[in-house]
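Have a look at the structure below, then the notes.
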Amino acid sequence: MKIRQKIALLFTILTSLVILSFSIFIFIFARQYLRHEFFKRLEGRAKLAAQIFLEEDKGNASIYAEIRDKHFQTLPKEKEWIIKLPVSEATRENVKTLFPETFMDLLIEDGYGETEVKGLYYVGVTHRFMGNNYIVIVSASNDYGEEELKDLRLALIIGFVLCNGVIFLLGHLYARQVFKPITEMIREVNKIRASNLHLRLNTNNSKDELAELATTFNNMLDRLETSFEIQNNFISNASHEFRSPLTAIIGEAEVALSKERSSQDYIDSLQAIANEAERLDHLTTNLLKLAQTSYDDKGLIIEEFRVDELIFDIKGELDKTNPDNKVNIDFSRWPTDTDQLVVYGSQSLLKIALSNIVGNACKFSENKIVHVAVLISGNDLVIRVKDQGVGIPSDEIQYIYDPFFRATNVRRYKGFGIGLPLTQKILQLHNGQIHVHSSEGKGTIVELHLPLKHQPVSR
C-alpha cells in the first residue's frame, strides 16, 4: 500500500472514530432525554390522578377520564394504582408481584420513585388527603420514544456510513494533492541515468521540507557526478600510466629482436626493460596499497609506537636512497613529555604516508632544505613537513587528493599522482587528517594530524 493510500485510510479511520464517538454521545443523550421527559409525563399524570380521585367528592372517574381524553393522549399499556398507607399484609403481597421492592422502598422513603422494568416505566408519588397518606403509581410503555430512538439510530448509522465514504474520497484527494510534488520528484529522479547526471530536481524556489529534500538530493547528485568524473579520470590516467611503461617495454623488445646485436646492446635493452618494469611494479604496488587502505583494514597490525623513531627510520632510509637530501629534523617544538610522542595505529602504513610526504618535499624542492617538526595541537600530534619547492598552483590544490592528478608545474618530475591520495586514506584510517598549505614558487607545508595514544584508530 502506498503512503498516500495509508494517509487517506488513517485520516478516514481517525475521523470515523470522532464521528462514531459523537454519534454515540448523541444517541445516549437523546435516550436519556426521552427517558427523563417520559418520567415527567408520568409524574404529571400521577399527580392529576391523585387530585381527581382523592379530592373530588363525586364523578371522580368520569371527570378524570374526560380530562385525560381531552388533554392527554392515552399512553400504551397505561395503568394507575392508588394505594393507601400503611399497606396491609394482603396488599403488600400483591404490591410485591406488581412493582420492584426497591421502587416501593424508595417511593415510601422519599415520596417519589421512578423505575423501568422490561420496557415499562413506573412513576409513583405520595399524596396526603384528609389525614391519610396514599401512593399513586402510573405505568406505561414509551413506544413513541422507542420509535424515535430507532429512527435516530438508523439516521446516525446511515450518516456514519455516508460520512466515511465522503471522508475517504476527500482524504484520498487531499493525500494525492499533498504527494503531487513527491510524485513529480519521483518522475524526475527516474529520468536521471549515468549518461545524464547533470540533470537536477526542481526546487521551485520554495523553502518547505520537500524543497530541502530536493536540495539534499541535488547535492548528492553533485557528489555522485564528481565521483563519476573522478572515476573516469582515474581510469583514463591509470590506462595512460600503465600504457607508457608497457609501450616502452614492447618497443625496446621489438628493437632488440629486429636484428642481431652486440652483447652490450642486449644488455642496454634489458636494462631499459628492467627500468620500465620496475616503474610498472612501483605503480602497481601503490595502487594496491591505495585499494587496501580504501576497502580492507582487517589485516592491519595495530600497535603503539613512537613517532620520533618513525621519523628517524625514514630519515635513515632516505639517506641511503637519496644521499643529497637536506632533511632537517626540527626539535624546537617537540613535546617534552615522551609519552606524547606515542601514537596508536599501523606503523607500516604511517611510514608509507610520511615517506610519501618527505619524499615529495625533497623531490619537488630539488633537495633544498626540508624541515620536519613534531608538535602537539589540542588532542592531536602534528607532524609538519615544510619545503622550499615549486609549490602547487592555487587553482589546482583542490584536486591534489584525486588519484593520478599531478599539478601542471611538476610534470617534469617522475611520479604517478598516487602519493597524496594514499596518504589521505591512511590518515583517515587512523582518525587523522592531512592539511596542505602551498604557495606556487615558494614551497609547501604539509601537516599530518594524528590522535594521541588515548584515541584509538577506527577499525
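The values are calculated or read from the model by the stated rules, or taken from the named source; none is laboratory data. Just so it is clear, the structure is predicted and the values come from calculations on it, not from any experiment. Glycine gets a Cβ as well: all are built from the backbone with ideal geometry, and neighbour counts include every protein chain shown.
Of note:
- Meets criteria (at pLDDT 75 or above, surrounded by 11 or more Cβ atoms within 10 Å (Cβ to Cβ), under 23 Å from the mean Cα position of the chain (by Cα) and part of a helix (DSSP H, G or I)) for Glu252: no
Yes/no per residue for (1) buried (at least 17 other Cβ atoms within 10 Å of the Cβ); (2) outside any helix (DSSP H, G or I):
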residue	(1), (2)
Tyr122	yes, yes
Glu146	no, no
Leu152	no, no
Val161	no, no
Ile167	yes, no
Leu173	no, no
Glu184	no, no
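- Some residue of segment 423-437 being outside the structural domain of Leu288 (by TED's automatic domain parsing) and under 22 Å from Asp324 (Cα atoms): no
- Filtering segment 98-109 to residues that are in a helix (DSSP H, G or I) and closer than 15 Å to Ser139 by Cβ leaves Leu98, Phe103, Met104, Leu107.
- Residue in segment 388-398 that is in a helix (DSSP H, G or I), without any contact (Cβ under 8 Å) to a residue 24 or more places away in the chain and either in the same structural domain as His437 (by TED's automatic domain parsing) or surrounded by fewer than 17 Cβ atoms within 10 Å (Cβ to Cβ) (or both) present: yes
- In the set (1) of a type in the set (Val, Ile, Thr); (2) more than 14 Å from Val138 (Cα to Cα); (3) in a helix (DSSP H, G or I); (4) modelled with pLDDT of 70 or more, the condition left unmet by Val95 is number (2).
- Scanning segment 255-309 for residues that are modelled with pLDDT under 75 and surrounded by 13 or more Cβ atoms within 10 Å (Cβ to Cβ) yields a total of 12.
- So Ser355, is it closer than 13 Å to Val446 by Cβ and hydroxyl-bearing (Ser, Thr, Tyr): yes
- Residue among Asn367, Asn409 that alone is under 30 Å from Glu276 (Cβ atoms) and part of a loop (DSSP other than H, G, I, E, B): Asn367
Per-residue answers, yes or no, for (1) acidic (Asp, Glu); (2) out of contact with any His (no Cβ under 7 Å at 6 or more places or on another chain); (3) modelled with pLDDT under 90:
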residue	(1), (2), (3)
Arg4	no, yes, yes
Ile7	no, yes, yes
Ser23	no, yes, no
Glu37	yes, yes, no
Leu48	no, yes, yes
Gln51	no, yes, yes
